[in-house]
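**Student:** I have a structure I would like to understand better, so I am pasting it below and will then ask my questions one at a time.
Values quoted throughout were computed directly from the atomic coordinates according to the rules given, and no laboratory measurement underlies them. In this text the structure is predicted, and so the values were computed from the model without any measurement. Cβ placement follows ideal geometry from the backbone for every residue including glycine, while neighbour counts extend to all protein chains displayed.
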Amino acid sequence: MTLAERLARYACAFDAERVPEPVLACVRQRLLDSLACALGAYDARPVRVARRVAAAAPAHGASVFGMHGLTTPDLAAFANGVMIRFLDYNDGYMGLEPGHPSDNIAACLAVAEAEGASVGEFVAAVVIAYEIQMRLQDAAGLNRRGWDHACYILPASAAAASRLMGLDAERTAQAINLAINGHIPMRQARSGALSDWKGCSAANAARNAVFAAQLARAGLTGPAPIFEGEMGFFEQVSGPFSLDVEAFGSPANDDYAILRSLTKTFPTNGELHTAIWAALDLRDRIPDVAAIRSIRIDTSAFNRRVLADEAKWRPETRETADHSLPYNVARALLDGDITLESYAPAKIAAADARGLMARTTVTEDPRLTAMFPRHLANRVTVELANGESAASEVITGPGTPESPMSDADFERKFRKMAAPHLDPAAQDRAIDFVSTLARQTSFEPLFAAMRGSGG
């Protein structure tokens, strides 16, 4: 069997009735986390654009967060996906390729609602999408070859959407073929100075995957074998790799990938969280930030290449700033926190941050590279004007499998992001929906709560 066929068979055979409670609990947390991220990004310009596009195509289909009326499932997947991803605050995973598996949740919600699927099937689709994307992230890196990690959302969301549409294994494989062949995204979305599209590329992959599943349901076939073919994914994009689909999470194997996904305490790139924690530790230990003569950040080869390239030293947009290792360390030292306001235009252009960045160097430490991607470690050293120095190295932090965020942590994050948009009663309804997910029979109460209404 081809890889697309094996992925399709896994998606179709997945037993929605036997999802273990720890996995179901993780789905609940990832859903609430995604809702928090969506509300935090609600007023962003790319989000407003996505909502306008969705509203211009009224349909008997799927809901968009905060919007009355329905649109097509693919446009709902895009609009909600942009909201979830825009702040770079949603969950992540670092294998040979980085990525954000919760980028699939918007597609699963849209198709589940449009198809009238059960909440149990929605949960199954989310778990399937996480399995496929995260296992592919473990199998091969793409960014050095010029391709974006959203490539892996294409088969993940296509398989999840096909499951929710009730497609058989043959048509699910065709959905995967169609999704991959026509929609490979380039890494330029995350290279150099970053644009609006940085927060949209993954949502667009999910949208294309939903459309591919719709085409497969109608009988369209796609190029095959899409992975192994002479001009296929292995040859053109990833290089060859093997993937043991039999080892995916199932009742026979409780190694579910979703349990290894990471969550965020700061609205910024996940690989630099430990550098922020290190900077915050140093801020508490030095007498005055103004006394800092120099800053040295020791990091992994990946971080040095991706988070400290030329554009990251003079960020001009939020998208570039939240992926800048020197900017985030400087901002954390100055403010004692990283928040949504850390990326306001005035903050990005501020002379105090630019001054600290001018006194910063970023160096690869082979020891930290050797820990990567198991640990996303960073070390920050400051030298003071009087010649004294202090260093802080952080190997891991909150939101990792070693130190997972609790239900209370996710609720606090949700309420903080929701406060400007939803009153406490609407917040309560959204949280109650998620906490009682297994007992829900419709998605309408969730979308009503996210609109700030009772029904």
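**Student:** Taking only Cα atoms, what is the 0 to 90° angle, nearest 10, from helix 201-217's long axis to the longest principal axis of the chain?
**Tutor:** 10
**Student:** Another question about this same structure. Work the Kirkwood hydrodynamic radius out for the stretch 1-71: mean of 1/r over every pair of different alpha-carbon atoms, inverted, in Å.
**Tutor:** 15.4
**Student:** In the stretch 376-455, what is the volume of the convex hull around the alpha carbon atoms, normalised per residue and reported in Å³?
**Tutor:** Residue-normalised Cα hull volume stands at 145 Å³.
**Student:** Let me ask something else. Convert each backbone phi in the stretch 229-237 into a coupling constant with the Karplus relation 6.51 cos²θ - 1.76 cosθ + 1.60 (shift: θ = phi - 60°), then list the ³J(HN,Hα) values in order as whole Hz, x for Gly and Pro.
**Tutor:** x, 4, 10, x, 4, 4, 6, 9, 10
**Student:** Still on this structure, I have one more. Using only Cα atoms, locate the centre of the stretch 76-106 and the centre of the stretch 211-263, then give the distance between them in Å, rounded to an integer.
**Tutor:** If we compute the Cα centre of each part, the gap is 18 Å.
**Student:** Taking the 0 to 90 degree range and rounding to the nearest ten, how far is the long axis of helix 105-115 tilted relative to the main principal axis of the chain, both from C-alpha atoms?
**Tutor:** 20
**Student:** How long, wide and thick is the stretch 258-328, going by the Cα atoms along their three principal axes, in whole angstroms, largest first?
**Tutor:** Extents along the principal axes, in whole Å: 43, 29, 23.
**Student:** Treating the chain as a set of equal point scatterers at the Cα positions, no solvent, please give the Debye-formula log₁₀ I(q)/I(0) at q = 0.10, 0.11 Å⁻¹.
**Tutor:** -0.68, -0.83
**Student:** Which order do the peptides 70-76, 155-161 take when ranked by the mean count of other beta-carbon atoms within 10 Å per residue, highest first?
**Tutor:** Listed from highest to lowest mean packing, they are 155-161, 70-76.
**Student:** Where does helix 73-85 land angle-wise versus the long Cα axis of the chain, in degrees 0 to 90, nearest 10?
**Tutor:** For 73-85 against the chain, the angle is about 20 degrees.
**Student:** Let me ask something else about it. Could you state the number of Å between the C-alpha centres of the stretch 375-389 and the stretch 143-205?
**Tutor:** Centre-to-centre (Cα) distance: 40 Å.
**Student:** Let me see the P(r) profile for the stretch 219-271: every Cα-Cα distance counted, bins of 5 Å, each bin given as a percent of all pairs.
**Tutor:** Computed distribution, short to long bins: 4, 14, 12, 11, 13, 20, 17, 6, 2.
**Student:** Also, quick follow-up: Computed from the mean reciprocal separation of all distinct C-alpha pairs, what Kirkwood hydrodynamic radius does the stretch 61-163 have, in Å?
**Tutor:** Details: mean 1/r = 0.0723 Å⁻¹.
About 13.8 Å, per the Kirkwood formula over Cα pairs.
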